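First the structure, in the form of structure tokens, and then the observations on it.
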Amino acid sequence: MAEFGISAGHFVAVVWDSSSPVEALKDLVDKLQVLTGHEGRVSVENINQLLQSAHKESSFDFILSGVIPGSTTLHSVDILAEMARILRPGGCLFLKEPVETAVVNNSKVKTASKLCSALTLSGLVEVKELQQEPLSPEEKQSVQEHLGYQSDSLLSVQITGKKPDFEVGSSSQLKLSISKKSSSVKPALDPAAAKLWTLSANDMEDESMDLIDSDELLDPEDLKKPDPASLRAAPCGEGKKRKACKNCATWAMLSAVPAAPTWGCQPSDLGSRCC
């Protein structure tokens with residue numbers, strides 16, 4: 001048990017499934033109880049009931065799953081996420097699982113790299129393989145009986161992962177080394193510049209102030225009232241060259257008559273309205 005790093009006072013969860021031999025499970029639990037002592041605790045959970053066990057988050061320092069000799073446990077994404085949730089910050093997960101050495105489509109058995117990726121996606125860090133070894137004859141038979149899977153390219157892999165030293169959703173204040181500028185010291189202001197760019201009501205009565213009369217900016221021509229006739233637009237067709245205004249239906253009718261080249265657009269004569 002030295003490879004797990006479990007000692008007195010630790011809270012440990014042992015996860016088993018139907019492939020776990022009963023005697024081997026009992027032997028493992030007895031050894032763990034000796035290591036943890038009276039101050040620690042060893043909990044035994046079936047993997048199919050783990051999601052319904054309703055453990056509080058950050059309940060265990062260590063979780064051991066599939067490590068019982070003879071076990072061929074598969075870990076789903078939901079199970080790994082639940083294990084990461086009930087681990088304490090800084091706690092470790094040790095698991096053992098049969099893996100494929102080659103990529104097989106639609107296989108329920110993962111490769112070692114996919115299993116490591118699943119642990120990382122569950123929120124664990126420092127995920128690494130500890131050991132790979134061929135399956136024993138008993139384990140191959142267990143894979144066939146409990147998983148309904150048969151392959152000659154299976155290996156047994158042991159992987160560990162650590163929960164970060166903080167709980168999911170926790171927050172912490174960042175210490176940023178940003179120097180604060182003193183707001184008490186203000187830059188000196190040139191009195192001449194301040195007087196140049198400020199104008200008060202008293203300055204309006206100061207004789208020394210040279211102000212411009214707005215009426216002097218207008219020429220005499222600007223003050224004359226324009227002739228109303230000059231504001232009217234020129235009639236349609238009037239000018240050097242006869243030209244119809246836009247969308248003039250009357251002009252289109254007249255342009256089709258070749259015998260009247262001197263006609264203009266005369267709405268009053270034709271009884272229609274130009275434009």
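The values are calculated or read from the model by the stated rules, or taken from the named source; none is laboratory data. Remember, it's a predicted structure, so these values are computed and weren't measured experimentally. Note: ideal-geometry Cβ built from the backbone for every residue, glycine included; neighbour counts use all protein chains shown. Heavy atoms of the whole protein, side chains included, go into the accessibility calculation; ligands, DNA and RNA do not. Shrake-Rupley method; radii C 1.70, N 1.55, O 1.52, S 1.80 Å.
Based on this model, can you work out whether PRO69 counts as touching a residue at least 12 places away in the same chain (Cβ under 8 Å) and open to solvent by 20 Å² or more (accessible area, probe 1.4 Å)?
It is true that PRO69 is touching a residue at least 12 places away in the same chain (Cβ under 8 Å) and open to solvent by 20 Å² or more (accessible area, probe 1.4 Å).
Only one of these conditions is not met by VAL104: (1) of a type outside the set (Ser, Thr, Tyr); (2) under 20 Å from ALA81 (Cβ atoms); (3) outside any strand (DSSP E or B); (4) open to solvent by 30 Å² or more (accessible area, probe 1.4 Å). Which number is it?
Evaluating VAL104 over (1) of a type outside the set (Ser, Thr, Tyr); (2) under 20 Å from ALA81 (Cβ atoms); (3) outside any strand (DSSP E or B); (4) open to solvent by 30 Å² or more (accessible area, probe 1.4 Å) leaves (2) as the failure.
Does LEU95 meet the test of being part of a helix (DSSP H, G or I) and either modelled with pLDDT under 95 or open to solvent by less than 10 Å² (accessible area, probe 1.4 Å) (or both)?
No.
For (1) closer than 24 Å to GLU129 by Cα; (2) not charged (D, E, K, R), each residue gets a yes or a no:
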{"site": "GLY5", "(1), (2)": "yes, yes"}
{"site": "GLU23", "(1), (2)": "no, no"}
{"site": "GLN49", "(1), (2)": "no, yes"}
{"site": "SER59", "(1), (2)": "no, yes"}
{"site": "GLU100", "(1), (2)": "yes, no"}
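Filter the stretch 1-56 for residues that are touching a His at 6+ places or on another chain (Cβ under 7 Å) and outside any helix (DSSP H, G or I); which is nearest to LEU93 (Cα to Cα)?
Per the stated criteria, the residue is GLY40.
For the stretch 20-56: of the residues being surrounded by 16 or more Cβ atoms within 10 Å (Cβ to Cβ) and under 15 Å from SER76 (Cβ atoms), which is nearest to the chain's Cα centre (by Cα)?
If we take residues in the stretch 20-56 being surrounded by 16 or more Cβ atoms within 10 Å (Cβ to Cβ) and under 15 Å from SER76 (Cβ atoms), then LEU50 is nearest to the chain's Cα centre (by Cα).
With the condition kept exactly as written, say whether any residue in the stretch 137-144 is modelled with pLDDT under 95, more than 19 Å from ARG85 (Cα to Cα), surrounded by fewer than 16 Cβ atoms within 10 Å (Cβ to Cβ) and small (Gly, Ala, Ser).
no
Out of the stretch 109-135, which residues are more than 19 Å from GLU82 (Cβ to Cβ) and either touching a Gly at 6+ places or on another chain (Cβ under 6 Å) or assigned to a strand (DSSP E or B) (or both)?
Once the filter is applied, which keeps residues that are more than 19 Å from GLU82 (Cβ to Cβ) and either touching a Gly at 6+ places or on another chain (Cβ under 6 Å) or assigned to a strand (DSSP E or B) (or both), the stretch 109-135 yields THR111, GLU126, LYS128, GLU129, LEU130, GLN131, GLN132, GLU133, PRO134.
For the stretch 145-155, how many residues are modelled with pLDDT of 90 or more and part of a loop (DSSP other than H, G, I, E, B)?
Final tally of qualifying residues: 0.
Any residue in the stretch 19-42 that is within 22 Å of ASP152 (Cα to Cα) and either in contact with a helix residue (DSSP H, G or I) (Cβ under 6 Å, 6 or more places away or on another chain) or touching a residue at least 24 places away in the same chain (Cβ under 8 Å) (or both)?
yes
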